[in-house]
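S.K.: Before anything else, here's the structure in question.
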Amino acid sequence: MHQPVLYNQIISLLQPRKGCKFVDCTVGGGGHAYGLLQASSPDGLLLGLDVDPQALIQASQRLAVFETRVILRHGSYSTLGQQLADLGWGEVDGILLDLGVSSIQLDSIQRGFSLRHDAQLDMRFDPETPLKASDLVNHLPENELANILFRFGEEKRSRQVARAIVSNRPIRTTWQLADLVAKVTSSGKEGMHPATRTFQALRIAVNHELEAVESVLPQAIQALAPGGRLAVISFHSLEDRIVKRFFQRESRDCLCPPTQPVCTCGHVAQLIIITRKPVRPGESEIKTNPRSRSARLRVAEKIKSERRIQ
Ligand code: SAH
């Protein structure tokens with residue numbers, strides 16, 4: 001079973017109360033969703049999205065006790081606005097994005113997410129999408145592959161890794177790739193496997209993860225009721241940076257350069273940042289759930305309209 005990360009912090013910061021409406025954009029095994037539904041008893045509602053049909057099966061079993069208070073949909077959170085419009089839901093009180101890979105996915109050997117198992121190079125969250133990691137590894141031009149490894153994996157030796165991949169094609173399995181990468185790079189901090197960055201980069205590219213995060217954030221603000229909250233848990237710095245910059249930008253009234261005496265952009269703040277610094281799991285959580293160690297939670301609240309008019 002997937003252990004939800006920063007569970008208590010999510011439940012307390014999203015402030016569930018009876019009658020609230022939530023969207024769990026990454027419902028996964030339904031861990032956070034369970035807590036939100038429980039705390040918004042007896043009539044809070046939750047829409048759970050996931051691109052992984054297996055996750056939705058797990059979530060529907062876990063959340064069955066809440067009966068008609070839960071709606072689960074197969075779809076990307078990048079379609080959040082449309083999903084809400086289809087349901088005729090109007091504004092919601094809380095939105096959660098938990099951007100990691102679930103333990104269920106990491107442990108499903110055949111999905112090829114984990115370096116720990118030898119499997120086909122797949123890495124798709126949504127098995128209905130056409131492109132697998134093996135397609136990128138075996139068909140992309142060397143420079144495009146190197147760019148992916150550099151941008152999405154922050155791999156310093158991206159060119160060497162890409163060259164090694166191209167000259168050893170076809171590469172079929174996770175271990176074949178991991179061994180190859182280990183020959184040209186060294187291990188990272190905390191004894192990280194040398195291929196961790198390559199795997200991260202391929203997963204991000206296969207699932208268009210950064211584009212999806214960029215596109216959901218403005219939709220989330222749009223969907224929130226004044227006073228409603230958006231909580232985002234990221235697991236690597238690329239995602240966290242997107243969230244941090246978005247929160248900073250949307251919590252400022254004017255985005256003109258400081259040298260400009262009069263505002264011409266007319267930008268109006270929509271958010272108040274609730275977590276000045278990202279919330280990290282405590283030592284005891286990291287001990288019981290090592291997968292939580294890189295998690296960072298940021299929460300913002302939609303500004304109430306009275307303040308916006310001032
Ligand atoms: N919070 C959940 C775990 C979420 S794990 C729990 O407590 O159980 C992250 C989930 O996000 C995975 O199930 C993954 O399939 C899903 N996911 C990844 N990209 C997505 C996207 N673009 N849209 C919706 N879900 C996505």
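S.K.: When you count, for each residue, the other Cβ atoms within 10 Å and take the mean per peptide, how do 121-130, 155-164 rank with the highest first? Intermediate values should be presented prior to the final figure.
M.R.: Values: 121-130: 16.2, 155-164: 19.8.
By packing density, highest mean first, the sequence is 155-164, 121-130.
S.K.: To continue, here is another question. Mean separation of Cα pairs under 8 Å and 6+ residues apart, divided by the residue count of the chain: what relative contact order is that in percent? Write out the running numbers ahead of the final one.
M.R.: On the way: 548 pairs, mean separation 51.1, N = 310.
Contact order relative to length: 16 percent.
S.K.: Something else now. Sequence gap at least 6, Cα distance under 8 Å: using those rules, report the relative contact order of the stretch 250-310 to the nearest whole percent. Kindly include the intermediate steps, with their values, before the conclusion.
M.R.: Numbers: 71 pairs, mean separation 19.9, N = 61.
Here the relative contact order equals 33 percent.
S.K.: Just add up the charged neighbours of Arg157: K/R +1, D/E -1, any other residue whose Cβ is under 12 Å from the Cβ of Arg157.
M.R.: Values: positive: Lys156, Arg159, Arg163, Lys183, Arg197; negative: Glu154, Glu155.
After counting each charged neighbour, the total is +3.
S.K.: Antiparallel as a % of all DSSP beta bridges within the chain, to the nearest 5?
M.R.: On the way: 11 of 29 bridges.
For the chain, the DSSP antiparallel bridge percentage is about 40.
S.K.: Continuing with this model, one more query. Projecting each Cα onto the charge dipole of the chain (Lys/Arg +1, Asp/Glu -1 at the beta carbon, about the Cα centre), which of His236, Ser114, Val213 comes out farthest on the positive side?
M.R.: Going by the Cα projections, it comes out as His236.
S.K.: Could you tally the net charge around Glu144, taking each other residue with its Cβ under 15 Å from the Cβ of Glu144, Lys/Arg +1 and Asp/Glu -1? Intermediate values should be presented prior to the final figure.
M.R.: Details: positive: Arg151, Arg159, Arg163, Arg169; negative: Asp135, Glu142, Glu155.
That sum, taken over residues with Cβ under 15 Å, equals +1.
S.K.: Something else now. Which of the three applies to the stretch 177-267, rounded, prolate or oblate, going by the alpha-carbon gyration tensor with a ≥ b ≥ c and a/c under 1.5 meaning rounded? Working shown, then result.
M.R.: Working: a/c = 3.23, a/b = 2.16, b/c = 1.50.
Prolate.
S.K.: Which order do the peptides 245-253, 172-180 come out in when sorted by mean C-beta neighbours inside 10 angstrom, highest first?
M.R.: Working: 245-253: 15.8, 172-180: 18.0.
Highest-to-lowest ranking by the protection proxy: 172-180, 245-253.
S.K.: Something else: For the stretch 1-123, compute Rh as the Kirkwood radius over C-alpha pairs and then the Stokes-Einstein diffusion coefficient at 10 °C and 1.306 mPa s; write the answer in µm²/s, rounded to an integer. List each step's numbers first, then the result.
M.R.: Details: Rh = 14.8 Å.
Translational D for this selection: 107 µm²/s.
S.K.: Within the accessible area of the chain, what % is carbon and sulfur when the probe is 1.4 Å and the other protein chains stay in place?
M.R.: Result for the chain: 51 percent of the exposed heavy-atom area is carbon or sulfur.
S.K.: Oh, and also: Run down the lysines and flag those whose C-alpha is under 17 Å from the C-alpha of Lys183, throwing out any fewer than 8 positions away in its chain.
M.R.: Filter leaves Lys156.
S.K.: Still on this structure, I have one more. Place the peptides 224-234, 51-61 in order of packing, highest mean first, counting for every residue the other Cβ atoms within 10 Å and averaging per peptide. Please report the intermediate quantities before stating the final value.
M.R.: Values: 224-234: 22.4, 51-61: 18.1.
The peptides rank, most packed first, as 224-234, 51-61.
S.K.: Pull out a ≥ b ≥ c, the square roots of the eigenvalues of the alpha-carbon gyration tensor of the stretch 34-99, then state rounded if a/c is under 1.5, prolate if not and a/b is larger than b/c, and oblate in the remaining case. Intermediate results must be reported in sequence, preceding the final value.
M.R.: Working: a/c = 1.65, a/b = 1.10, b/c = 1.49.
Oblate, since a/c reaches 1.5 and b/c is not below a/b.
S.K.: Give me the Å³ per residue figure for the convex hull around the C-alpha atoms of the chain.
M.R.: Details: hull volume 47.2 nm³, N = 310.
In the chain, the Cα hull volume divided by residue count equals 152 Å³.
S.K.: I've got another one for you. Treating the stretch 108-207 as a set of equal point scatterers at the Cα positions, no solvent, please give the Debye-formula log₁₀ I(q)/I(0) at q = 0.23 Å⁻¹.
M.R.: Rounded to two decimals, the profile gives -1.26.
S.K.: On average, how much accessible surface per residue is there in the chain, in Å², for a 1.4 Å probe, leaving out ligands, DNA and RNA?
M.R.: Value returned for the chain: 49 Å² of accessible area per residue.
S.K.: Structure shown: which of Lys132/Lys302; Lys18/Lys302; Lys132/Lys277; Lys21/Lys304; Lys132/Lys287; Lys21/Lys277 lie over 29 Å apart, alpha-carbon to alpha-carbon?
M.R.: On the way: Lys132/Lys302 37 Å; Lys18/Lys302 19 Å; Lys132/Lys277 36 Å; Lys21/Lys304 17 Å; Lys132/Lys287 33 Å; Lys21/Lys277 26 Å.
Result: Lys132/Lys302; Lys132/Lys277; Lys132/Lys287 exceed 29 Å.
S.K.: Further question: When only Cα pairs under 8 Å and 6 or more residues apart are kept, what is the percent relative contact order across the stretch 35-129?
M.R.: Details: 78 pairs, mean separation 21.3, N = 95.
This gives 22 percent for the stretch 35-129.
S.K.: Lys and Arg at +1, Asp and Glu at -1: add these up for the other residues within a Cβ distance under 14 Å of Gly29 and post the number.
M.R.: Values: positive: Arg62, Arg291; negative: Asp24, Asp50, Asp52, Asp98, Asp107.
Net of charged neighbours comes to -3.
The values are calculated or read from the model by the stated rules, or taken from the named source; none is laboratory data. In this text the structure is predicted, and so the values were computed from the model without any measurement. With ideal geometry, Cβ positions are generated from the backbone for all residues, glycine too; neighbour counts draw on all protein chains shown. Quick note on the areas: whole protein, heavy atoms, side chains included, nothing else; ligands and nucleic acids left out. Shrake-Rupley method; radii C 1.70, N 1.55, O 1.52, S 1.80 Å.
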